[in-house]
Amino acid sequence: MKNILVTGGAGFIGVNFIKMLLNTTDDVKIINYDALTYAGNLESLEDCIKNPRYVFVHGDIQDKSLLAQTIQNHNIEGIINFAAESHVDRSISDPDIFVKTNVLGTLNLLQNAVKFNIKRFLQVSTDEVYGSLGNDGKFTENTNLSPNSPYSASKASADHFVRAYNHTFKLDTVTTRCSNNYGPYQFPEKMIPLCINNILANKNLPVYGDGLQVRDWLFVKDHCTAIWEVFNHGKTGEVYNIGGCNEKTNLELVKTLLRILKRPESLITFVKDRPGHDRRYSIDNTKIMSQLNWKPSVTFEEGIELTVKWYLDNKNWLESVTSGHYQKYYSEMYVNR
Ligand code: NAD
Ligand code: TYD
């Protein structure tokens with residue numbers, strides 16, 4: 001039995017990762033350690049509660065004593081750190097919490113990982129640490145870090161601490177840097193579920209600036225398989241880029257959603273651009289594909305159909321996460337934009 005601490009397991013990617021591990025392994029026990037911020041939702045994990053290989057601990061990664069106690073009580077051998085503040089727009093209006101969770105929280109995890117001789121620590125990072133590309137080129141693992149938003153600055157800072165703990169304390173670490181994910185259970189502050197939610201509510205789709213920014217979309221299940229591959233077979237101290245080879249402009253993306261849901265393009269509304277908006281992300285996958293034999297398995301066309309279908313089949317989930325605080329967030333972010 002491998003006992004793994006999965007932090008942030010009640011969020012979008014964490015939920016998908018936990019379900020994947022419970023379904024595809026039989027010797028892994030998951031201790032999901034999550035603070036349940038606005039982005040964490042235990043309803044998403046209802047089908048896991050009765051599984052003896054799943055335990056939930058309500059905790060903040062900044063909490064030194066609860067983290068130490070959890071690692072000891074559950075004989076944790078490995079840590080996979082998903083916990084983060086993850087939305088660029090929120091990092092522009094409220095950056096402090098990004099430093100607290102993403103930087104200080106990660107540092108606390110690293111300190112405890114050293115103290116309790118954790119065998120492997122995987123940091124879930126992002127391609128956004130590399131900054132922005134022009135029309136050409138791709139991010140490789142050797143691209144310099146040039147974060148442009150408070151979110152990506154906090155993630156880059158965490159990546160540096162992970163590197164430093166590998167170098168200084170010989171902690172066995174690996175870091176993954178993935179492109180934009182989409183799929184079931186994503187909170188509707190992010191572009192794809194926000195647009196699906198708006199289409200279902202017959203609201204306009206807010207496209208920032210000219211809508212020609214490019215993102216490289218990866219179906220969340222492929223991100224999860226890549227993380228598990230890197231956790232088990234990645235080389236200590238190394239970074240692995242993960243991408244979908246699916247570059248789309250934001251306009252192409254929203255038009256696809258409108259086409260699938262049979263709604264008119266007149267719902268598209270151009271709104272004031274995000275300050276410092278990164279123009280293009282694109283991932284060079286060569287390292288993970290050649291060294292770990294991983295590749296994306298879901299095409300964009302399949303993945304986006306599956307995603308829309310999931311939101312249509314799970315309207316209760318969508319209603320539950322968009323009640324309460326979401327309304328306030330939405331009006332502050334979009335009304336009068
Ligand atoms: P999310 O915002 O959906 O979920 C974050 C989870 O972390 C939530 O369950 C939240 O409750 C928890 N959390 C937040 N602060 C915490 C704290 N202080 N202590 C404990 N738990 C805390 O995020 P996501 O989209 O699932 O992203 C997961 C990770 O993947 C993040 O580290 C993010 O930077 C990275 N990432 C995301 C994407 C993407 O497209 N979503 C792409 C690349 C990398
Ligand atoms: P997002 O899902 O926030 O991910 P990220 O900023 O981490 O790439 O946004 C994806 C793209 O969509 C990004 O270029 C910003 C753009 N966007 C909009 O045009 N309108 C919106 O309402 C949102 C949330 C994002």
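The values are calculated or read from the model by the stated rules, or taken from the named source; none is laboratory data. All of these numbers come straight from a predicted model, not from anything done at the bench. So basically every Cβ, Gly included, is an ideal-geometry build from the backbone, and we count neighbours across all protein chains shown. Each accessible area value is taken on the protein alone, full model and side chains, heavy atoms only, with ligands, DNA and RNA left out. Shrake-Rupley method; radii C 1.70, N 1.55, O 1.52, S 1.80 Å.
A quick yes/no check of all residues on (1) within 15 Å of SER149 (Cα to Cα); (2) small (Gly, Ala, Ser); (3) surrounded by 15 or more Cβ atoms within 10 Å (Cβ to Cβ):
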| residue | (1), (2), (3) |
| --- | --- |
| LYS50 | no, no, no |
| ARG53 | no, no, yes |
| PHE56 | no, no, yes |
| LEU66 | no, no, yes |
| ASN73 | no, no, no |
| ALA83 | no, yes, yes |
| SER86 | yes, yes, yes |
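Return only the number of the condition from (1) charged (D, E, K, R); (2) outside the structural domain of LEU145 (by TED's automatic domain parsing); (3) in contact (Cβ under 8 Å) with a residue 60 or more places away in the chain that GLU238 does not satisfy.
Among (1) charged (D, E, K, R); (2) outside the structural domain of LEU145 (by TED's automatic domain parsing); (3) in contact (Cβ under 8 Å) with a residue 60 or more places away in the chain, the lone unmet condition for GLU238 is (2).
Assess whether LYS100 counts as being within 18 Å of ILE4 (Cα to Cα), open to solvent by 30 Å² or more (accessible area, probe 1.4 Å) and either away from ligand 1 (no atom under 15 Å from the Cβ) or not aromatic (Phe, Trp, Tyr) (or both).
no
Quick one: which residue in GLU229, GLU252 is surrounded by fewer than 16 Cβ atoms within 10 Å (Cβ to Cβ) and either away from ligand 1 (no atom under 14 Å from the Cβ) or among the aromatic types (Phe, Trp, Tyr) (or both)?
GLU252
For a quick check of your reading of the model, give me the residue pairs whose first member lies in segment 52-81 and is farther than 19 Å from THR101 by Cα, whose second is aromatic (Phe, Trp, Tyr), with beta-carbon atoms closer than 8 Å and at least 6 apart or on different chains.
Hits for this filter: GLN72/PHE116; ILE76/PHE116; GLY78/PHE121; GLY78/PHE231.
With the condition kept exactly as written, say whether any residue in segment 303-319 is over 19 Å from the mean Cα position of the chain (by Cα), open to solvent by 20 Å² or more (accessible area, probe 1.4 Å), within 19 Å of GLU247 (Cβ to Cβ) and away from ligand 1 (no atom under 16 Å from the Cβ).
Yes, there is a match, as at least one residue in segment 303-319 is over 19 Å from the mean Cα position of the chain (by Cα), open to solvent by 20 Å² or more (accessible area, probe 1.4 Å), within 19 Å of GLU247 (Cβ to Cβ) and away from ligand 1 (no atom under 16 Å from the Cβ).
Exactly one condition in (1) open to solvent by less than 30 Å² (accessible area, probe 1.4 Å); (2) in a loop (DSSP other than H, G, I, E, B); (3) more than 14 Å from ligand 1 (Cβ to nearest atom); (4) outside the structural domain of GLY11 (by TED's automatic domain parsing) is not met by ILE196; state its number.
Every listed condition holds for ILE196 apart from (2).
If you scan segment 199-212, which residues turn out to be within 16 Å of ligand 2 (Cβ to nearest atom) and either surrounded by fewer than 22 Cβ atoms within 10 Å (Cβ to Cβ) or of a type in the set (Gly, Ala, Ser) (or both)?
Selection gives ILE199, LEU200, ALA201, LYS203, ASN204, PRO206, VAL207, TYR208, GLY209, ASP210, GLY211, LEU212.
Restricting to segment 150-175, count the residues that are of a type in the set (S, T, N, Q), open to solvent by less than 20 Å² (accessible area, probe 1.4 Å) and closer than 15 Å to GLY131 by Cα.
Matching residues across segment 150-175 total 2.
Inside segment 141-152, can you point out the residues that are in contact (Cβ under 8 Å) with a residue 24 or more places away in the chain and out of contact with any Lys or Arg (no Cβ under 7 Å at 6 or more places or on another chain)?
ASN148, SER149, PRO150, TYR151, SER152, listed by residue number.
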